[in-house]
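Just below is one structure, and these are the notes that go with it.
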Amino acid sequence: MGNQVASYAYLNTRVSLMAKQLLHRKQRQALLQLPLSELGPLLTQAGVGALAQQPPKDPARLEQFLATVLVGESIKLMRCLNSSERNFIRHWMRRLELINLKFLLRTKFSGSQPIDPSRHLLDLAGLGSLELQTLINTDSIEEFLRQLQNSSYRSMARPARKAFEEHRSLFDVEAALDANYYSHLVQLASTLEGRHKQQTESLLRTWLDQINLVSLLRFRFVYKLSPPHAYFLLAPGGHRLSLRTLQQLAQLASVKEVVEHLPAPLQQQLAETGDIEDIEHHMQQLVRTRANKILRKQRFNMAIAYAYLYLREQQIQLIHAVLKGHLLGLSTELIQFCGDPLAFPALARRELP
């Protein structure tokens, strides 16, 4: 018991120190508005001051630097956790490896460009588990998925292979990989105990509401999938949107109808939204608010590590969008458009400080 208390006390200290790197709303807005030459203090505050001292001239190096920061922080936090908690955080972070996996699928079997692992794939150091070169050397999607079944992703590879056999579509393979990633994350959350489980599932289920609602709208009204096909590709049910509710929503004929038939709290939140991107921004704000609440109010609880990593990843994505925009010579207006959706005034008014 004493060791456990000491570990969580250490976790609290670690997270408290790391959380000082999280930029508040006005700082995020400034990051979107300032010229590159004036970003140094904000980047230093965000714990990535090296980017101000020597900005990468290559977007791939920028992405790798930021991924390394996120991976390094997650590994530090996992050292404070027990095995079931570490497994959850490790799988959460494997979304970065899933990015590698989907890039390989999309690039290799569409023939769009040769793959250079050092430039095109993220090096995840201690969190990586895939034999990427083995996957690169495969000659067909079927062989790629067979090789994946021999890895730590075997539980995700089987349904992805089934999806490909039924639809012969890379899109379905990627969506199946995503859905089963989320399913395994839910399973790992269920192995936690007490407040750790309650608070972690609270944030996870709120996030799954965002994932499922936005995915359903895109599957149905952008990619024009049938209701059963769209429903089949969704993640497990979330906080407000159960699978039964999602199945009913999948039958509706427009984005507007879906919003009108959402459970009351979500329907009220999204009543003024105009399109799928707007809905995604509002849903993301709900997840941020939940994560901020956990980070501020919880103690001696692994959920604060999860909440921090969620918020930190959001910030890393913002920094990436801003600096990549400057590298590519984009206008300030376009950088703002591609950056933090919560910096838009209509959403910022609803965000907890």
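The values are calculated or read from the model by the stated rules, or taken from the named source; none is laboratory data. Here the structure is a predicted model, which means the values were calculated and not measured. Cβ: placed from backbone, ideal geometry, glycine included. Neighbour counts: every protein chain shown. Ligands, DNA and RNA are excluded from the accessible area calculation, which covers all protein heavy atoms including side chains. Shrake-Rupley method; radii C 1.70, N 1.55, O 1.52, S 1.80 Å.
Residue check: is residue 178 buried (at least 18 other Cβ atoms within 10 Å of the Cβ), charged (D, E, K, R) and at pLDDT below 95?
yes
Matching residues to (1) under 22 Å from the mean Cα position of the chain (by Cα); (2) at pLDDT 90 or above; (3) open to solvent by less than 70 Å² (accessible area, probe 1.4 Å):
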{"residue": "109", "(1), (2), (3)": "no, no, yes"}
{"residue": "112", "(1), (2), (3)": "no, no, no"}
{"residue": "122", "(1), (2), (3)": "yes, yes, yes"}
{"residue": "144", "(1), (2), (3)": "no, yes, yes"}
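Are any residues in segment 146-158 open to solvent by 40 Å² or more (accessible area, probe 1.4 Å) and either free of Cβ contacts under 8 Å to residues at least 24 places away in the same chain or of a type in the set (Lys, Arg) (or both), and if so, which ones?
Within segment 146-158, 146, 147, 149, 150, 152, 154, 158 qualify.
Touching a residue at least 40 places away in the same chain (Cβ under 8 Å) and among the small types (Gly, Ala, Ser): is that true of residue 291 in this structure?
Yes: the conditions hold for residue 291.
Is it the case that some residue within segment 267-278 is without any contact (Cβ under 8 Å) to a residue 40 or more places away in the chain and either surrounded by 20 or more Cβ atoms within 10 Å (Cβ to Cβ) or aliphatic (A, V, I, L, M) (or both)?
Yes, segment 267-278 contains a residue that is without any contact (Cβ under 8 Å) to a residue 40 or more places away in the chain and either surrounded by 20 or more Cβ atoms within 10 Å (Cβ to Cβ) or aliphatic (A, V, I, L, M) (or both).
Give me a count of the residues in segment 163-193 that are of a type in the set (Lys, Arg) and under 19 Å from residue 243 (Cβ atoms).
Here the count works out to 0.
Considering 65, 144, which residue is more than 23 Å from residue 313 (Cβ to Cβ) and of a type in the set (A, V, I, L, M, F, W, C)?
Going through 65, 144 in turn, just one is more than 23 Å from residue 313 (Cβ to Cβ) and of a type in the set (A, V, I, L, M, F, W, C): 144.
Return yes or no: is residue 33 in contact with a Leu (Cβ under 9 Å, 6 or more places away or on another chain), open to solvent by 20 Å² or more (accessible area, probe 1.4 Å) and modelled with pLDDT of 90 or more?
When the stated conditions are applied, residue 33 does not pass them.
State yes or no: is residue 64 modelled with pLDDT of 90 or more and part of a loop (DSSP other than H, G, I, E, B)?
Taking the combined requirement at face value, the residue does not satisfy it.
Condition first: more than 18 Å from residue 174 (Cβ to Cβ), assigned to a helix (DSSP H, G or I) and open to solvent by less than 80 Å² (accessible area, probe 1.4 Å). Now tell me which residues in segment 124-142 satisfy that.
Listed by number, the residues that qualify are 125, 126, 127, 134.
Quick check: is even one residue across segment 95-110 outside any helix (DSSP H, G or I) and either more than 30 Å from residue 20 (Cα to Cα) or among the polar types (S, T, N, Q) (or both)?
Looking for residues that are outside any helix (DSSP H, G or I) and either more than 30 Å from residue 20 (Cα to Cα) or among the polar types (S, T, N, Q) (or both), one finds at least one in segment 95-110, hence yes.
What about residue 284, is it out of contact with any Cys (no Cβ under 7 Å at 6 or more places or on another chain), without any contact (Cβ under 8 Å) to a residue 40 or more places away in the chain and crowded, with 17+ Cβ neighbours inside 10 Å?
So residue 284 does not fit the description; no.
Residues of segment 311-332 being under 18 Å from residue 291 (Cβ atoms) and open to solvent by 50 Å² or more (accessible area, probe 1.4 Å), which ones?
The one that is under 18 Å from residue 291 (Cβ atoms) and open to solvent by 50 Å² or more (accessible area, probe 1.4 Å): 317.
Would you confirm whether any residue within segment 153-163 is assigned to a loop (DSSP other than H, G, I, E, B) and under 25 Å from the mean Cα position of the chain (by Cα)?
Yes, some residue in segment 153-163 is assigned to a loop (DSSP other than H, G, I, E, B) and under 25 Å from the mean Cα position of the chain (by Cα).
Out of all the residues in segment 234-266, which are under 21 Å from residue 172 (Cα atoms), over 23 Å from the mean Cα position of the chain (by Cα) and open to solvent by 40 Å² or more (accessible area, probe 1.4 Å)?
Within segment 234-266, 247, 251 qualify.
Those residues that are of a type in the set (Val, Ile, Thr) and in a loop (DSSP other than H, G, I, E, B), I need them from segment 183-197; list them, please.
191
Can you spot a residue in segment 156-170 that is within 25 Å of residue 234 (Cβ to Cβ) and hydroxyl-bearing (Ser, Thr, Tyr)?
Yes, that holds for at least one residue.
Do you know which residues across segment 253-266 are without any contact (Cβ under 8 Å) to a residue 12 or more places away in the chain and part of a loop (DSSP other than H, G, I, E, B)?
253 - this is the single residue of segment 253-266 that is without any contact (Cβ under 8 Å) to a residue 12 or more places away in the chain and part of a loop (DSSP other than H, G, I, E, B).
Name every residue in segment 36-57 that is in a loop (DSSP other than H, G, I, E, B), in contact (Cβ under 8 Å) with a residue 12 or more places away in the chain and not basic (Lys, Arg), in order of residue number.
39, 46, 47, 48, 55, 56
Among the residues of segment 198-230, which ones are among the small types (Gly, Ala, Ser), part of a helix (DSSP H, G or I) and either farther than 25 Å from residue 91 by Cβ or open to solvent by less than 20 Å² (accessible area, probe 1.4 Å) (or both)?
230
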